[in-house]
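Heads up, the thing below is written out as structure tokens.
The values are calculated or read from the model by the stated rules, or taken from the named source; none is laboratory data. Predicted, not measured: the structure shown is a model, and the values here were computed from it. Positions of Cβ are generated from backbone atoms using ideal geometry, with glycine treated the same way; all protein chains shown enter the neighbour counts. Each accessible area value is taken on the protein alone, full model and side chains, heavy atoms only, with ligands, DNA and RNA left out. Shrake-Rupley method; radii C 1.70, N 1.55, O 1.52, S 1.80 Å.
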Amino acid sequence: DFSGCPGSDEKATKPNWVTCAWPPDYQDIIEWQWNKKVIPFWTKQARFAKDHGVKIALEMHPGFVVYNTETMLKLRKACGASIGANFDPSHLFWQGMEPIASVRALGKAIFHVHAKDVGIDPVNTAVNGALDTKHFGNEAERSWIFRTCGYGHDLEWWKDFASALRLVGYDG
């Protein structure tokens, strides 16, 4: 599942994923999204899940309010331990995050793991950054593309990733 992403206010009809802190209007949007929509919605869902012995695993995915380690932990703290991560390292790589560090920070909040890789094009990223909205079929011009495990990051990285998951108690 994904966390969703409300618009900027009650009248919005489309999601509004804020990716920077300035101008100050963006901070107002984030505060409204979390306090008026995200936390109330997920608190209710988490309570229902807990009452029924279910865990909710959300992917940290750009475009949604839960897109990194910090936002996952923020939602979990606000709504309860029945919410955790459906951990997909590919979504973290292209944001410039190190998934192994994220694993260590999330620990028991990891409920499920995807094995999916990303290749970063250093030239395209140097020119245009990581926030890339080009079609996935336009591989030659994208800053990053999804790859089969081992074709974005080597086998040693994947061994370290699996080891880090085991160290925090994940055995899925």
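Report, for the chain, the % of DSSP beta bridges that are antiparallel, rounded to 5. Write out the running numbers ahead of the final one.
On the way: 4 of 10 bridges.
Around 40 percent antiparallel, to the nearest 5.
So who's got an amide H within less than 5 Å of the one on ALA85, skipping anything under 5 residues away but keeping other chains? H placed 1.01 Å off N, in plane.
Amide H neighbours of ALA85, under 5 Å, 5+ apart: LEU58, ILE110, PHE111, HIS112.
Quantify, in whole percent, the carbon and sulfur part of the accessible surface of the chain (1.4 Å probe; protein heavy atoms only). Each step should come with its number before you reach the end.
Details: 5500 of 10010 Å².
Heavy-atom surface of the chain belonging to carbon and sulfur, 1.4 Å probe: 55 percent.
Pick out which of VAL127, VAL38, VAL113 has the largest mean-square fluctuation in a Gaussian network model of the chain, springs linking Cα atoms closer than 10 Å.
Maximum fluctuation in the GNM of the chain, among the listed residues, is at VAL127.
Rounded if a/c is under 1.5, else prolate if a/b is larger than b/c, else oblate: which is the range 38-135, with a ≥ b ≥ c the root eigenvalues of its Cα gyration tensor? If you can, show how the numbers build up before the last one.
Details: a/c = 2.70, a/b = 2.09, b/c = 1.29.
Prolate, because a/c is 1.5 or more and a/b exceeds b/c.
Placing +1 on the Cβ of each Lys and Arg and -1 on the Cβ of each Asp and Glu in the chain, which of ALA109, GLY152, CYS5 has its Cα farthest towards the positive end of the resulting dipole?
ALA109
Could I have the simple spin-label model distance between LYS44 and LEU131, label points 7 Å from Cα toward Cβ, reported in nm to one decimal?
Each label point is offset 7 Å from its Cα along the Cβ direction, giving 3.1 nm.
Restricting to Cα pairs below 8 Å that are 6+ residues apart, what does the relative contact order work out to for the range 15-127? Please round to a whole percent. Can you show the working numbers first?
Working: 127 pairs, mean separation 24.5, N = 113.
Once normalised by length, the contact order is 22 percent.
Which value in nm describes the separation of the simple spin-label points at ASN16 and VAL168, placed 7 Å from the Cα toward the beta carbon?
3.2
For the chain, state the average projected area of the convex hull of the C-alpha atoms over all orientations, rounded to one decimal in nm².
On the way: hull surface 44.3 nm².
Orientation-averaged projected area of the Cα hull: 11.1 nm².
Going by the alpha-carbon gyration tensor, a ≥ b ≥ c the square roots of its eigenvalues, is the range 81-172 rounded (a/c under 1.5) or, if a/c is not under 1.5, prolate (a/b greater than b/c) versus oblate? All intermediate terms of the calculation are to be shown ahead of the outcome.
Values: a/c = 2.43, a/b = 1.93, b/c = 1.26.
Prolate shape, in that a/c is at least 1.5 and a/b is the bigger ratio.
How large is the dipole of the chain about the Cα centre if only Lys and Arg carry +1 and Asp and Glu carry -1, each at its Cβ, rounded to the nearest 20 debye?
Values: 19 positive and 20 negative charges, 154 e Å.
Dipole about the Cα centre, nearest 20: 740 debye.
Write down the accessible area per residue of the chain in Å², having rolled a 1.4 Å probe over the full set of protein chains. Don't skip to the end; give the middle numbers.
On the way: 10010 Å² over 172 residues.
In whole numbers, the chain has 58 Å² accessible per residue.
Per-residue HN-Hα couplings for the range 29-35, Karplus 6.51 cos²θ - 1.76 cosθ + 1.60 at θ = phi - 60°, whole Hz, x for Gly and Pro?
4, 4, 4, 4, 4, 5, 6
When the chain is modelled as a GNM with alpha-carbon springs shorter than 10 Å, which of LYS37, LYS14, LYS108 fluctuates the most?
Its mean-square fluctuation being the largest, the pick is LYS14.
What percent does the relative contact order of the range 67-172 come to when contacts are Cα pairs within less than 8 Å and at least six residues apart?
Numbers: 137 pairs, mean separation 29.7, N = 106.
Averaging sequence separation for qualifying contacts and normalising by length gives 28 percent for the range 67-172.
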